[in-house]
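First up is the structure itself, then whatever we jot down about it.
No lab work stands behind these numbers, since they all come straight from the coordinates. Quantities reported herein were computed from a predicted structural model and do not represent experimental measurements. Don't worry about glycine lacking a Cβ; one is built from the backbone with ideal geometry, like all the others, and counts go over all protein chains shown.
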Amino acid sequence: MDFVKEFNCIMEEQKEIALATCKGGNPNVRIVNFCYNNTSKGVIYFSTFGDNQKVEEFEINPTVAFTTVPHEGNSHVRVKKGTVQKSNYTVYDLKDEFIKKIPDYAMTIEQVGEYLVLFEVHFQEADVTIDLENSSSITL
């Protein structure tokens, strides 16, 4: 089984990640929409409001973990060690990619895009799970 190919399929199809942070020994997780372009291997993008609690957590501890959220079946990607940073891009720069994946995001960008800050999570390794019998770690 080609787990890199499966990774790319999952990252293209799934729309949300559960993003985990830790501040002062207290873990926190939240669901966020994301986009991934397999030409920028090992980087996902998501946006949030600049005054959101998670932004403060990123500044204190930029190490994060995430898993994609499957809405059917068990296929998912899990990253145990990523680094989050504010992107040099804006949500407008990746507007087409977000809307392609999440059509309703067009309205979000139109209504509140100027308040959204784009973040990147960089990672080198990921666990790819297809089902109970097929899983593997990959390096990007």
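Take GLN53 and GLN111, extend 7 Å from each Cα along the Cα→Cβ direction, and tell me the distance between the two endpoints in nm.
For the pair GLN53/GLN111, the computed spacing is 2.2 nm.
Within 10 Å, count the other beta carbons around each residue, average over each peptide in 91-99, 60-68, and list them highest first.
In decreasing order of mean packing, 91-99, 60-68 become 60-68, 91-99.
Considering lysine pairs in the chain that are 8 or more places apart or on different chains, how many have Cα atoms under 14 Å apart?
For the chain, the number of qualifying lysine pairs is 5.
Can you give the helix-only mean residue ellipticity at 222 nm for the chain, where every DSSP H stretch with n ≥ 4 adds -39500 (n - 2.57) and the sum goes over all residues, rounded to the nearest 500 deg cm²/dmol?
Result for the chain: -6500 deg cm²/dmol, rounded to the nearest 500.
Return the tail of the calculated pair distribution for the chain, meaning the percent of Cα-Cα pairs more than 26 Å apart.
Every Cα pair in the chain considered, those over 26 Å come to 21 percent.
So, by mean Cβ neighbours within 10 angstrom, what's the order for 16-28, 115-127 with the highest one leading?
In decreasing order of mean packing, 16-28, 115-127 become 115-127, 16-28.
So, in nm, how far is label THR83 from label THR39 when the simple model puts each one 7 Å beyond its Cα toward the Cβ?
2.5 nm
In whole angstrom, how long is each semi-axis of the equivalent ellipsoid of segment 86-140, when you take the square root of 5 times every eigenvalue of its Cα gyration tensor and sort them from largest down?
Listed largest to smallest, the semi-axes of segment 86-140 are 30, 15, 8 Å.
What relative contact order, as a whole-number percentage, does the chain give when Cα pairs under 8 Å and 6 or more residues apart are counted?
Averaging sequence separation for qualifying contacts and normalising by length gives 28 percent for the chain.
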